[in-house]
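Participant: Let me give you the structure first, and then I'll get to my questions.
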Ligand code: HEM
């Protein structure tokens, strides 16, 4: 309806007008290249000469153009922007950024789908990654969240299993609804997140039209050494808008890079997307007694108990100048927590603190921190040395610590306050009695949805479940009954409907396409939903 949401692929702005060459072509070491069209051969019809080092360099470099894609969240898009503090919170955090209203820092955001690979279509049903890097004067602060306030599992040891169930089957090389729902009948705590994903918010209209959440419980600590636990919320100022499955499927075919294009083109038009940033705050004493386990990432903290406090806003106003250098090589890591920020005992967050930096060392290399996009604006001063592609190696400065020759030393005034712990060391399969309640929060979420969204949820679940074995359908619907009996019944009805109307065969699809084409009307059907 709106020209700005045209799904037709746009062309890059620097590809509109022809220009003559702006410089002489050189090799990687500055020597001008005389001929970039013809390899050196022995005679006009003879074989290629080994001495054609320009050809060798070109082919060898091409073979090394790819770094491994991210093992999850491979397909995404990003942009730089500005974060502004709208409420100072020195009573909560020692972070310099939050000492004064109006403080600003440059930042980077990357949004992504989770399960698909680099070339995957953007408009699939999946959580969206919502990764933020703030270049603060205390060092980089990364908030690596999603567009959902909860997650599927609550123990890091299940992450590889969960992701395997979402990825491709070993023999067919295809994704499998059976693997996904089989995992979910075994891990009931996933119900909450899966309901989000099968609701309207499972397919955002664009990256600009979705909220972001830190999801985990993090902490903040102040100059007095007092700690609070917090959850971070980023609310889109563009409004939450979503696509129906039908719209999304059509766009996926016409422009698989639709979300990537939309973010870039909106910024190029000067329509800078904005988000408000808020926190929920829980004291350590409240965390001891609150009836919901505060470190369970499959649960939210109800706003009535822990109201939102707005502390900032950000705007994305600068496209990357080079996608590979600034987005593909961007390395977000939940372990980037400058002074005044901290983790919580959330088991998932603890696993992530190890996992991301490890992934970057494998994917980009041990010195990924020296790439401009990952470098802090504060000086880096330490004893890490050498390794592939190292740039700053600290000259002749001391290489061990402690030393007598002026090398950098730790400052214990920067120490995080200690965390009180109690209990036995063990492998706990649940947090507490009440945390076995997998159904109350998904039930509340379902009842918050308008009847038309509930209907779409039934259809989305029904079509996905229709292809899985009966025992998984039965088990999953029994779980949905406990969320809300209307949900279980509605999904059973939709499974039956999908069974009665199997997917059209290829002949029928071709026939329908020819009919549309004959009418000159390849229409997009449905309305935008879920404002
Ligand atoms: C990306 C691991 C849970 C959000 C990644 C990557 C790994 C990973 C290895 C790829 C990093 C890279 O190569 O750059 C894990 C593990 C988890 C976990 C082990 C659980 C124990 C979560 C949760 C969230 C999340 C709970 C959100 C609340 C993201 C995002 C990215 C990502 C947004 C993409 C970052 C980017 O844009 O570069 N994760 N993850 N992950 N993960 Fe997780």
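The values are calculated or read from the model by the stated rules, or taken from the named source; none is laboratory data. A quick note: this is a predicted structure, and the numbers were derived from the prediction, not measured. Please note: Cβ atoms are built from the backbone with ideal geometry, for glycine as well, and neighbour counts cover all protein chains shown.
Participant: Against the definition (in contact with a helix residue (DSSP H, G or I) (Cβ under 6 Å, 6 or more places away or on another chain) and part of a loop (DSSP other than H, G, I, E, B)), how does residue 68 come out, yes or no?
Facilitator: Yes, satisfied.
Participant: Which one of 453, 475 is in contact with a strand residue (DSSP E or B) (Cβ under 9 Å, 6 or more places away or on another chain), closer than 21 Å to residue 198 by Cα and touching a residue at least 12 places away in the same chain (Cβ under 8 Å)?
Facilitator: Going through 453, 475 in turn, just one is in contact with a strand residue (DSSP E or B) (Cβ under 9 Å, 6 or more places away or on another chain), closer than 21 Å to residue 198 by Cα and touching a residue at least 12 places away in the same chain (Cβ under 8 Å): 453.
Participant: Let me ask another. For region 22-58, which positions are outside any loop (DSSP other than H, G, I, E, B) and surrounded by fewer than 10 Cβ atoms within 10 Å (Cβ to Cβ)?
Facilitator: 32
Participant: Name the single residue, out of those in region 66-84 being surrounded by 16 or more Cβ atoms within 10 Å (Cβ to Cβ) and within 8 Å of the ligand (Cβ to nearest atom), that is nearest to residue 310 (Cα to Cα).
Facilitator: Looking at residues that are surrounded by 16 or more Cβ atoms within 10 Å (Cβ to Cβ) and within 8 Å of the ligand (Cβ to nearest atom), I get 78.
Participant: Kindly indicate whether any position in region 409-421 is modelled with pLDDT under 95, surrounded by fewer than 12 Cβ atoms within 10 Å (Cβ to Cβ) and under 16 Å from residue 295 (Cβ atoms).
Facilitator: Taking every residue of region 409-421 in turn, at least one turns out to be modelled with pLDDT under 95, surrounded by fewer than 12 Cβ atoms within 10 Å (Cβ to Cβ) and under 16 Å from residue 295 (Cβ atoms).
Participant: Now for a separate question. Tally time: how many residues in region 482-531 are within 21 Å of residue 456 (Cα to Cα) and at pLDDT 80 or above?
Facilitator: Number satisfying all stated conditions: 20.
Participant: Right, next: Starting from region 110-132, keep only residues that are more than 20 Å from residue 277 (Cβ to Cβ), then list their pairs with residues that are within 7 Å of the ligand (Cβ to nearest atom) whose Cβ atoms are within a distance under 6 Å, requiring at least 6 positions of separation or different chains.
Facilitator: Close Cβ pairs (under 6 Å, with a partner that is within 7 Å of the ligand (Cβ to nearest atom)) amount to 114/72; 114/73.
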